Structure formats: structure tokens, C-alpha cells
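**Q** Pasting a structure here, questions to come.
The values are calculated or read from the model by the stated rules, or taken from the named source; none is laboratory data. Keep in mind that what you see is a predicted model, and the values were worked out from it rather than measured. As a convention, Cβ positions derive from the backbone with ideal geometry for all residues, glycine included, and neighbour counts pool all protein chains shown. Remember, those area values only see protein heavy atoms, side chains included, never the ligands or the DNA or RNA. Shrake-Rupley method; radii C 1.70, N 1.55, O 1.52, S 1.80 Å.
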Amino acid sequence: MNKWFAGKKNLLVTAALLGTLGLSGCGDTSEEEKELAVFSSSVTAFKDYIQEADAKINGLDVSQKESVGELLEILDDMDQEFAEFAVLAEAQAPSRFESVPGLAQKASEQMTQAVAFYHTAYESEEFGKHYADAAYQYYTNSMEGIKYIGMLLLGEKIPESDNVTVYEITNDGHILDKWLSGGDEDDGETASE
């Protein structure tokens, strides 16, 4: 289920390690650096959990009837972990990663939908293929959100998609002057979208 994760399995741990290494060389760390270290540790634990869950899912023997129950149990646990990570991101994410809590919350909501649809698909009298397809789409969207969190933590640019809108924040102190002047001094007109 996590094909993207194979190529990016060290994405989140790299961010955590970079933060920790950056702090280890400093004798006097700022409050923001301490917050980053705590958040990095949480991100690493979440990344480790995702890897473990992925290994469990991929290790299921689909020929065994019990595998369905085991899959649903793993997914239930994932739903809980994603919800806890969303709360944690809201509480711990340093201000420079202001997009992370929103992405984590969206990923959690998507995982909750995925798990609900997987339960419906597998617990019906007949296997509900349409529910399973919807569940897989929600699952994929959730994991994409987690991938974007990793990209943000590494400072990579996030591509726009149907599920994510990218907003860039500028620290240009003169941006209001530019907007108010209309950007072009000659014609005095302002541009609008």
C-alpha cells in the first residue's frame, strides 16, 4: 500500500536527524531549537510506526481468512496513530513549520475515512469492491499528506495537487508598499485576480 514510502523511507528520519545534529553542536540552544528537537523526536517515532505498520500489512498472508481481521486491526491502530500525530503536530510543530499541523489533521481525517470504508468493504456479507476502492483512495491521500509533511521538514518544494494547495509566505517587509503602489509606478493601476 505504501509504494511511495519505499523510496522515501528515510525522509522523516533525515529531517529529525538533521535537526538533532544541528542542535548537538551548539552549547547554547534557543527555545525554537529545543522545540524542533522535541518535534523531530516525535516525527521519528511516527515514521518508525508507519514503517512497522507497512511491514505488518505487507507481511499478511492474503490466502488466510484471518488476514482480513488482522488487516482491519492494523488499520484501526493506524487511524489512532494518525489522530495522535495530528494532535501532537498541533502542539509541537515549531512556527516555521506552520503548515504541518494542517497537513497532519487532513491526513488523519483521510485515514479515518479509509479505515471506515475498509471496514464496510470487508465486514459486509459480500466484499464491497466500491468501498474498498474508495478506502484505498482515502488511504493514498492520507499517505500523500504524510509525504508532504516530510518534504516540508526537509525544505523541499511541495507540488500542487487536487488534495493540497500550496501557499507561499514571504518575509518581505515591503510587500504592502508593493501592493498599495500597484507594482507599476507608471500607470497607477493595481492588478487583481
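**Q** Would you tally the residues in region 92-108 being buried (at least 17 other Cβ atoms within 10 Å of the Cβ) and part of a helix (DSSP H, G or I)? Full working, then the answer.
**A** If we filter region 92-108 for residues that are buried (at least 17 other Cβ atoms within 10 Å of the Cβ), which is where we start, we get 92-94, 97, 99-101, 103-108.
Imposing the further condition that a residue be part of a helix (DSSP H, G or I) reduces the set to 92, 97, 100-101, 103-108.
So the answer is 10.
**Q** On to the next question. Using the structure shown, decide if GLN51 is open to solvent by 20 Å² or more (accessible area, probe 1.4 Å) and under 16 Å from the mean Cα position of the chain (by Cα). Reasoning before the result, please.
**A** Values: open to solvent by 20 Å² or more (accessible area, probe 1.4 Å): yes; under 16 Å from the mean Cα position of the chain (by Cα): yes.
Against the criterion (open to solvent by 20 Å² or more (accessible area, probe 1.4 Å) and under 16 Å from the mean Cα position of the chain (by Cα)), GLN51 qualifies.
**Q** So how many residues does region 63-72 have that are surrounded by fewer than 16 Cβ atoms within 10 Å (Cβ to Cβ) and either of a type in the set (Ser, Thr, Tyr) or within 18 Å of VAL115 (Cα to Cα) (or both)? Quick ask: steps written out before the conclusion?
**A** Initial filter on region 63-72 (surrounded by fewer than 16 Cβ atoms within 10 Å (Cβ to Cβ)): 63-67, 69-70.
Okay, now just the ones that are also either of a type in the set (Ser, Thr, Tyr) or within 18 Å of VAL115 (Cα to Cα) (or both), so 63, 66-67, 69-70.
So the count comes out to 5.
**Q** Here's another thing I want to ask about it. Can you pull out the residues in region 122-138 that are in contact (Cβ under 8 Å) with a residue 24 or more places away in the chain and more than 23 Å from GLN64 (Cα to Cα)?
**A** Across region 122-138, the qualifying residue is only TYR138.
**Q** Among the numbered conditions (1) open to solvent by 20 Å² or more (accessible area, probe 1.4 Å); (2) part of a helix (DSSP H, G or I); (3) in contact with a helix residue (DSSP H, G or I) (Cβ under 7 Å, 6 or more places away or on another chain); (4) modelled with pLDDT under 95, tell me where ALA89 comes up short.
**A** (1)
**Q** Determine which single condition THR14 fails, assuming it passes every other condition in (1) open to solvent by less than 60 Å² (accessible area, probe 1.4 Å); (2) at pLDDT 90 or above.
**A** (2)
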